[in-house]
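Everything on this sheet refers to the single structure shown next.
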Amino acid sequence: MIIKPGKLLAKIDSPADLKKLSKDQLVQICDELRQFIVDNVSVYGGHFGASLGVVELTVALHYVLNTPEDQLVWDVGHQAYGHKILTGRKGQFHTNRLYGGLSGFPKRKESVYDTFGVGHSSTSISAALGMAVASKYKGDSKKQHVAVIGDGSMTGGMAFEAMNHAGVSDTNMLIILNDNCMSIDPNVGALKDYLTDITTSHTYNKVKDEVWNLLGKISMFGSSAQDIVSKVEGAIKSAVLKQSNLFESLNLRYFGPVDGHDVHHLVEILADMRDIPGPKILHCVTVKGKGYAPAETGNKTTWHAPGLFDKVTGEIYKKIPTTPQAPKYQDVFGHTIVELAKENDKIMGVTPAMPSGSSMNIMMKEMPDRAFDVGIAEQHAVTFSAGLATQGLIPFCNIYSSFMQRAYDQVVHDVCLQNLQVVFCLDRAGFAGADGPTHHGAYDISFFRCIPNIVVSSPMDEEELRNLMYTATKFEGPFSIRYPRGQGVMVDWRTPMREIPIGQGRIIREGEDIAILTIGHIGNYAVTACDMLEKEGFNPAHYDMRFVKPLDEAMLHEVFSKFKKVVTVEDGCLMGGFGSAVLEWMVDNSYQAQVKRLGIPDRVVEHGEQIELHRECGFDPEGIANAVKQMAETAVEK
Ligand SMILES: Cc1ncc(C[n+]2csc(CCOP(=O)(O)OP(=O)(O)O)c2C)c(N)n1
Ligand SMILES: CC(=O)[C@@H](O)[C@H](O)COP(=O)(O)O
Ligand SMILES: [Mg+2]
C-alpha cells in the first residue's frame, strides 16, 4: 500500500522540484518528509532514528547542490531514506528492504542520485575524494563532492586514512560530519569526547561565532569566495584554532559546529561553502530520532531500527508468543560468555561498535573491565584481541561475518600466523536478510578455511554453540564459530557445557539412499527436509559436520564408503566453502561420488527475508528435499 505524502512532498519527484520551493517552504517540506518516513517505517520497518536526524541536512543538500551532477555520498546509508524519497523513489518507498523492493541503502544501480554503494561504514570520504580527484583530473572545477558521515562512522580507520589524503589533495570536496553522539549504541572513544568538547567549549564557540559574523559581513560587501576564505582563515589562525583543531591540523578547513536542524541556516552555509575551494569539513550537531518524540527522548539504540510500531503511541509491536520460544543466537553468546568468564578470569570480550547487536552488552554490563566496545574499528578489534592473547588472556572477538571482511589481514597476520588464542564469534553468518548483500555473511567460511592454524566451526543449535565456545577456551590457537542472525531451535538452551573433540561431527539421522552433510544452523532445514522426504518414501542420512576445518575425516571415510550420492548444504558461498572442502577431501582421498553442493551462488543475492533468500538459492527445506529427490532419481555413473 502506498502511503500518501504531504501536500508539498507530493509534488517533489526530483531535487529539481525541490529547488522550485521558496525558502519559506523549507520547514514545511522537512516536516512532511519526516512524517512520510515515520508513516512508512512504522508500517514497513527499517532504520529509523538516523534518517529522522538528517531530514534538514538532506533537504538543504539537495536544495543547494546540483545533484546528481554534484556527487553526494552517504556513509553507511542507513540515514538516506530522505534522500531516496526526494530523488524519485517516493512511490516505491513502501517496498523499502522488502524482497524485490528498494534497497535499504544507496545503490548505484537503483538511482543516478546514489553515487556510491554503501552499507559498511567509514567509506564515504575515500569515495568522495576519489570522485573529486577524478573531476580535477578531467578539468571539471565546478563539480561538488560531498561525503556525509556520522560521528560513529568517523571512528573507523578508513575515515582517517581518507582525511589524511584529502588534506593534501587540493580537491573540491566537503565532508559533513553529522554528529549526534550516537553510533547504534552510544558512541565511544576519545574522538567522541573531542567532538563533545568542541561543541560545548566556550572559547571555541566564541571564535567560531566571530568567524561566522565575519563571513556574513564579508558576504554583504560582495567579496569573492577566495577573499572570504583567506579572511576566515586569518581569523581562525589568529585564534590559534589551527593548532587546536584536529581537522584543521589535517589541513581541512573546519566550519561549525552548527545546528543541523536549522534548515535555513544550513542552506546559507552550504551555499557559501560551495564557493570555497579545497577540502573542508562542516560539523553539524543533530539529534538522532529528531522530530518523533519517542525516538528523540527514548532509547536511541532501540529506535535505530525499531521494527514495526504504532506511530501515534510510539509502542513498538512485539509478537507475544503463546509458547516458550528459542532464544536468538546472539543472546546465547552473550549469556554464555559471561558464564564462561565467571569461571575463567582470562576470558575477555571485544566488539567493534555492536554491543547490542552481538549481545556483548551483557558482559559489558556485568564485567565492565573485561569487555570492550572499541568503536567501528574491526581491524583494531582483531589486533587488539591479538595483543590481549599475547599476554595469556583469551579474547572472544565478536564481529558480524560481513564486517569481518574489513579485518582479514589482521586475522591472518596478527592472529593466525602467530597462532594466538583468539576466539572469533562471527554473528550474522549466512544471509543477513533485509540489509541485503552488503550485510550477508556469505564469504567467511571460504576466507577463513584457507588460513593456517585456525579452527573453523559452526553450531547447529544453541547447545552446540555453548559447547563450541567452551571448547574454544581449551584450544590454544585461533578458533572461529559462525552462527546466523535470529533464533535458534532450543527452548531449554542453558545446557551444561562440554568439550567437543576438535574436528568431530555428529550423525543426526542414519539413512540409506543419500547422505546430506550440513554445517551450522542450516542443518535444521535438512532435518525438516528429511522428514518431508521420509513421507515420500526416501531414506536419507544426515550428518552435522560441526567443523569445516579440520573436517571429520573418519566421518567422511564412512560417508564416501557407504554413499555414492552426497548433498552438502551451507549458508555461505559455494566457491571455496564447506561443500568445496568436502569435494577436495573426496578427491584427495580417491573417492568417487555424485556430489551436489547447495549454498550461496557466485552472484550478488539481494535483500529479503532470510527464508526468501534461502528459497531463491535452493536451500530452504523444500530446495534441499528437491535436490535429494533429483539426485536419487539420477543413475550413478560407473
Ligand atoms: C564496517 C561496519 N561496522 C559496523 C557497522 C554497523 N553500523 C551501522 S550504522 C552504525 C552506527 C553508525 O553511527 P553514525 O555513523 O554516527 O550514524 P548514526 O546512526 O548515528 O546516524 C554501525 C555501527 C557497519 N555498517 N559497518
Ligand atoms: C546499518 C547497519 O549496518 C546496522 O544497523 C545493521 O542493519 C544492523 O543489523 P542487525 O539488525 O542484524 O543488528
Ligand atoms: Mg552518530
Inset, instruction - Please go through the range 340-377 and pick out each residue that is closer than 18 Å to residue 190 by Cα and away from ligand 1 (no atom under 16 Å from the Cβ). - result: 368, 369, 371
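Within the range 386-406, work out how many residues are free of Cβ contacts under 8 Å to residues at least 40 places away in the same chain and in a helix (DSSP H, G or I).
Residues of the range 386-406 free of Cβ contacts under 8 Å to residues at least 40 places away in the same chain: 386-387, 389-391.
Applying the additional criterion that residues be in a helix (DSSP H, G or I) yields 386-387, 389-390.
Result for the range 386-406: 4.
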Inset, instruction - Sort out which residues of the range 155-175 are touching a residue at least 40 places away in the same chain (Cβ under 8 Å), within 16 Å of ligand 1 (Cβ to nearest atom) and farther than 12 Å from residue 127 by Cα, and write them in order of number. - result: 155, 156, 157
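Any residue that is closer than 19 Å to residue 462 by Cα and in the same structural domain as residue 411 (by TED's automatic domain parsing) - is there at least one of those in the range 341-355?
Start the filter on the range 341-355 by keeping residues that are closer than 19 Å to residue 462 by Cα, which leaves 341.
Going one step further and asking which of them are in the same structural domain as residue 411 (by TED's automatic domain parsing), we end up with 341.
Looking through the range 341-355, at least one residue is closer than 19 Å to residue 462 by Cα and in the same structural domain as residue 411 (by TED's automatic domain parsing).
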Inset, instruction - Give the residue that is nearest to ligand 2 (Cβ to nearest atom), with candidates limited to residues of the range 39-66 that are under 19 Å from residue 94 (Cα atoms) and surrounded by fewer than 20 Cβ atoms within 10 Å (Cβ to Cβ). - result: 45
Inset, instruction - Spot the failing condition for residue 107; the list is (1) assigned by TED's automatic domain parsing to the domain that holds residue 169; (2) in contact with a Gly (Cβ under 8 Å, 6 or more places away or on another chain); (3) not in a loop (DSSP other than H, G, I, E, B), and only one is missed. - result: (3)
Inset, instruction - State which residue pairs qualify: first residue closer than 20 Å to residue 501 by Cα and without any contact (Cβ under 8 Å) to a residue 40 or more places away in the chain and inside the range 444-468, second residue of a type in the set (S, T, N, Q) and in a loop (DSSP other than H, G, I, E, B) in any location, beta carbons under 6 Å apart, and separation of 6 or more residues or different chains. - result: 453/419; 463/495
Inset, instruction - Quick one: count up the residues across the range 111-135 that are surrounded by fewer than 17 Cβ atoms within 10 Å (Cβ to Cβ) and touching a residue at least 24 places away in the same chain (Cβ under 8 Å). - result: 1
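Any chance the range 564-572 includes a residue that's in the same structural domain as residue 627 (by TED's automatic domain parsing), of a type in the set (Asp, Glu) and within 28 Å of the chain's Cα centre (by Cα)? So that I can check it myself, show each step before the final result.
The first filter runs over the range 564-572 and keeps only residues in the same structural domain as residue 627 (by TED's automatic domain parsing), leaving 564-572.
Those left that are additionally of a type in the set (Asp, Glu): 570-571.
Still in the running and within 28 Å of the chain's Cα centre (by Cα): 570-571.
Yes, the range 564-572 contains a residue that is in the same structural domain as residue 627 (by TED's automatic domain parsing), of a type in the set (Asp, Glu) and within 28 Å of the chain's Cα centre (by Cα).
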Legend entry - Members of the range 5-50 found to be over 22 Å from residue 111 (Cβ atoms) and free of Cβ contacts under 8 Å to residues at least 12 places away in the same chain, listed by number: 22, 24
Legend entry - Answer residue from the range 295-322, given it is among the aliphatic types (A, V, I, L, M) and surrounded by fewer than 11 Cβ atoms within 10 Å (Cβ to Cβ) and is nearest to ligand 2 (Cβ to nearest atom) among those: 320
Legend entry - Which listed residue is under 29 Å from the mean Cα position of the chain (by Cα), within 30 Å of residue 482 (Cβ to Cβ), more than 16 Å from ligand 2 (Cβ to nearest atom) and of a type in the set (S, T, N, Q), from 325, 330: 325
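Being of a type in the set (A, V, I, L, M, F, W, C) and either under 15 Å from residue 34 (Cα atoms) or not assigned by TED's automatic domain parsing to the domain that holds residue 156 (or both) is the filter here, so list the residues in the range 66-97 that pass it.
The first filter runs over the range 66-97 and keeps only residues of a type in the set (A, V, I, L, M, F, W, C), leaving 72-74, 76, 80, 85-86, 93.
80, 85, 86, 93, listed by residue number.
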Inset, instruction - Determine, yes or no, whether residue 476 is modelled with pLDDT of 95 or more, in contact with a helix residue (DSSP H, G or I) (Cβ under 6 Å, 6 or more places away or on another chain) and at negative phi. - result: no
Legend entry - In the range 116-138, the residues that are more than 16 Å from ligand 2 (Cβ to nearest atom) and closer than 23 Å to residue 376 by Cα: 125, 126, 127, 128, 129, 130
Legend entry - Number of positions in the range 331-352 that are buried (at least 23 other Cβ atoms within 10 Å of the Cβ) and part of a helix (DSSP H, G or I): 5
Inset, instruction - Could you grab me the full set of residues in the range 183-193 that are outside any helix (DSSP H, G or I) and either away from ligand 2 (no atom under 14 Å from the Cβ) or buried (at least 23 other Cβ atoms within 10 Å of the Cβ) (or both)? - result: 183, 186, 187, 188, 189
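Of all the residues that make up the range 134-157, how many are within 16 Å of ligand 3 (Cβ to nearest atom), part of a helix (DSSP H, G or I) and more than 11 Å from residue 176 (Cα to Cα)?
Residues meeting the conditions: 2.
State all residues of the range 426-454 that are assigned to a strand (DSSP E or B) and more than 14 Å from ligand 1 (Cβ to nearest atom); if no residue qualifies, say none. Even if it seems obvious, please write down each step before you answer.
Restricting attention to the range 426-454, the residues satisfying the condition of being assigned to a strand (DSSP E or B) are 426-427, 430, 441.
Residue satisfying the conditions is 430 alone.
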Legend entry - Test: residue in the range 465-475 that is closer than 25 Å to residue 387 by Cα, in contact with a Gly (Cβ under 9 Å, 6 or more places away or on another chain), in a loop (DSSP other than H, G, I, E, B) and not basic (Lys, Arg): no
Legend entry - Residue identified as touching a Leu at 6+ places or on another chain (Cβ under 9 Å) and not polar (S, T, N, Q) among 287, 338: 287
Inset, instruction - All but one of (1) closer than 26 Å to residue 160 by Cβ; (2) surrounded by fewer than 18 Cβ atoms within 10 Å (Cβ to Cβ) hold for residue 404, so report the exception by its number. - result: (2)
Inset, instruction - Inspect all residues belonging to the range 430-438 and state whether any of them is closer than 21 Å to residue 394 by Cβ and crowded, with 24+ Cβ neighbours inside 10 Å. - result: no
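The values are calculated or read from the model by the stated rules, or taken from the named source; none is laboratory data. Owing to the predicted nature of the structure, the values given are computational and were not obtained by experimental measurement. For neighbour counting, all protein chains shown are included, and Cβ atoms are generated from backbone atoms with ideal geometry for every residue, glycine included.
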